[in-house]
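First the structure, in the form of structure tokens, and then the observations on it.
The values are calculated or read from the model by the stated rules, or taken from the named source; none is laboratory data. Everything numeric in this text was worked out from a predicted model, so none of it was measured. Note that each Cβ is placed from the backbone with ideal geometry, even for glycine, and that neighbours are counted across all protein chains shown.
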Amino acid sequence: MYKQILDKTTKGIELSEAEVNELIGAINSGDVSDIQIAGFQVALLMKGASLKETAYIAKAMRDNCVPLKPKVAAETMDTCGTGGGLSTFNISTATAIVAAAAGIPVAKHGSRSIASLSGSADVLEALGVYINLQPAEAEKMIEEIGIAFLYAPLFHPVMCKVLPPEQDLGIKTIFYSIIGPLINPAFAPRHLLGVYKPELLDTVTYVAKELGYTNAMFVHGLDGLDEISLLGKTRINKLKDGVVTTFEIAPEDFGMKRCTLEEIKTGTPDVNAATINGVFAGAITDARRNAIILNAAGALIVGGKAEDFQSGIKLAAEIIDSGKAAKKLDELRTLSNSFKK
């Protein structure tokens with residue numbers, strides 16, 4: 001099976017959904033060696049994965065994850081970025097907390113950083129959150145407080161096998177840059193997802209649509225951010241009920257000042273945690289607060305709590321100023337640590 005798939009890939013022939021399912025299943029069961037995984041990754045990178053192949057791989061990866069299904073009335077949502085590009089503090093993690101404080105059930109999927117100083121897992125640990133939750137524990141958290149962190153390595157055995165060869169080879173394939181952010185183990189159909197390259201925006205949107213996403217925004221800061229940008233314009237693909245619309249926004253459209261990367265750049269996990277705590281406590285009111293509010297506005301639209309960015313910005317500010325975001329973070333910290341072994 002493997003040799004046939006590799007032969008097709010090296011010849012530039014598109015794989016079928018059945019072949020992709022067989023390969024991902026074999027990786028999950030340990031029937032494919034590390035060398036064979038690396039060989040396939042290089043071959044796929046050289047060929048270039050088609051849109052259909054990318055969607056097939058994403059579906060197969062999700063089919064082989066450790067699933068969780070929290071019992072909540074509304075659709076769950078995720079907020080994350082692909083990584084890569086310019087590095088900011090953990091804006092999407094703060095956004096997830098604001099969204100949960102608004103009453104949106106959030107299954108925040110993420111991992112430690114590979115390319116920058118601080119991933120979502122890193123900053124949440126620095127904030128005192130216990131990240132190594134089992135599926136039943138994460139389900140309980142979403143049901144009780146409306147948010148849980150899903151530490152990707154605990155839910156994606158296949159990803160744990162394909163990432164080490166990538167790192168050893170020094171390559172970056174679709175597994176990390178496209179598929180990882182889309183395969184939330186809670187099958188969250190709502191998403192605010194940042195993309196670091198403009199050419200990936202339509203690809204991610206296509207795959208998400210194939211995966212059954214119902215309401216999502218895929219955003220790319222034209223200056224190189226995988227966030228809704230406070231530096232300049234952001235291109236957005238909005239997917240709702242199978243229909244995709246594309247538009248651009250800029251901070252000044254909503255009365256916000258543009259900032260420099262220096263003002264919102266990433267630091268260590270401890271530094272980024274202090275930033276999030278400071279914004280939620282009202283002690284930080286500069287560009288870092290605005291970056292969270294602007295991205296949270298997008299999440300509130302996706303989550304059905306705001307009609308547009310203007311109303312979303314207003315609501316996000318109210319959630320922070322009222323102390324609701326700080327309270328939600330404290331709930332996340334307290335309940336997660338109750339499961340600590």
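Could we say that Ala299 is buried (at least 24 other Cβ atoms within 10 Å of the Cβ), touching a residue at least 40 places away in the same chain (Cβ under 8 Å) and touching a Ser or Thr at 6+ places or on another chain (Cβ under 6 Å) here?
Spelling it out, Ala299 is indeed buried (at least 24 other Cβ atoms within 10 Å of the Cβ), touching a residue at least 40 places away in the same chain (Cβ under 8 Å) and touching a Ser or Thr at 6+ places or on another chain (Cβ under 6 Å).
Considering only the stretch 182-213, state which residues are assigned to a loop (DSSP other than H, G, I, E, B) and of a type in the set (A, V, I, L, M).
Ile183, Ala186, Ala188, Val195, Leu211 - these are the residues of the stretch 182-213 that are assigned to a loop (DSSP other than H, G, I, E, B) and of a type in the set (A, V, I, L, M).
When restricted to residues that are surrounded by 19 or more Cβ atoms within 10 Å (Cβ to Cβ), in a helix (DSSP H, G or I) and in contact with a helix residue (DSSP H, G or I) (Cβ under 6 Å, 6 or more places away or on another chain), the stretch 50-69 contains 7. The C-beta contact set for the stretch 168-183 (first residue of a type in the set (Asp, Glu), second residue surrounded by 16 or more Cβ atoms within 10 Å (Cβ to Cβ), distance under 8 angstrom, 6+ apart or interchain) comprises Asp168/Ala38.
Selection of the stretch 1-30 for residues being within 17 Å of Ala49 (Cα to Cα), among the hydrophobic types (A, V, I, L, M, F, W, C) and within 28 Å of the chain's Cα centre (by Cα) yields Leu15, Ala18, Val20, Leu23, Ile24.
The residue of the stretch 241-264 that is nearest to Thr88 (Cα to Cα), among those that are exposed (fewer than 15 other Cβ atoms within 10 Å of the Cβ) and not acidic (Asp, Glu), is Thr260.
Residues of the stretch 146-182 being surrounded by 22 or more Cβ atoms within 10 Å (Cβ to Cβ) and on the phi > 0 side of the Ramachandran plot, which ones? Once the filter is applied, which keeps residues that are surrounded by 22 or more Cβ atoms within 10 Å (Cβ to Cβ) and on the phi > 0 side of the Ramachandran plot, the stretch 146-182 yields only Gly146.
Got at least one residue in the stretch 287-305 being in the same structural domain as Gly103 (by TED's automatic domain parsing), under 21 Å from Leu192 (Cβ atoms) and touching a Phe, Trp or Tyr at 6+ places or on another chain (Cβ under 6 Å)? Scanning the stretch 287-305 turns up at least one residue that is in the same structural domain as Gly103 (by TED's automatic domain parsing), under 21 Å from Leu192 (Cβ atoms) and touching a Phe, Trp or Tyr at 6+ places or on another chain (Cβ under 6 Å).
Of everything in the stretch 138-181 that's part of a loop (DSSP other than H, G, I, E, B) and more than 19 Å from the chain's Cα centre (by Cα), which residue is farthest from Phe40 (Cα to Cα)?
Restricting attention to the stretch 138-181, the residues satisfying the condition of being part of a loop (DSSP other than H, G, I, E, B) are 146, 156, 170-173.
Keeping just the survivors that are more than 19 Å from the chain's Cα centre (by Cα) gives 170-171.
Details: Gly170: 15, Ile171: 12 Å.
That would be Gly170.
Scanning the stretch 11-20 turns up no residue that is under 23 Å from Leu154 (Cβ atoms) and among the small types (Gly, Ala, Ser).
Yes/no per residue for (1) surrounded by fewer than 23 Cβ atoms within 10 Å (Cβ to Cβ); (2) more than 15 Å from the chain's Cα centre (by Cα); (3) outside any helix (DSSP H, G or I); (4) outside the structural domain of Ala291 (by TED's automatic domain parsing):
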{"position": "Val72", "(1), (2), (3), (4)": "yes, yes, yes, yes"}
{"position": "Thr93", "(1), (2), (3), (4)": "no, no, no, no"}
{"position": "Gly103", "(1), (2), (3), (4)": "yes, yes, yes, no"}
{"position": "Ala107", "(1), (2), (3), (4)": "no, no, yes, no"}
{"position": "Ser113", "(1), (2), (3), (4)": "yes, no, yes, no"}
{"position": "Leu117", "(1), (2), (3), (4)": "yes, yes, yes, no"}
{"position": "Gly128", "(1), (2), (3), (4)": "yes, yes, yes, no"}
{"position": "Asn132", "(1), (2), (3), (4)": "yes, yes, yes, no"}
{"position": "Ala136", "(1), (2), (3), (4)": "yes, yes, no, no"}
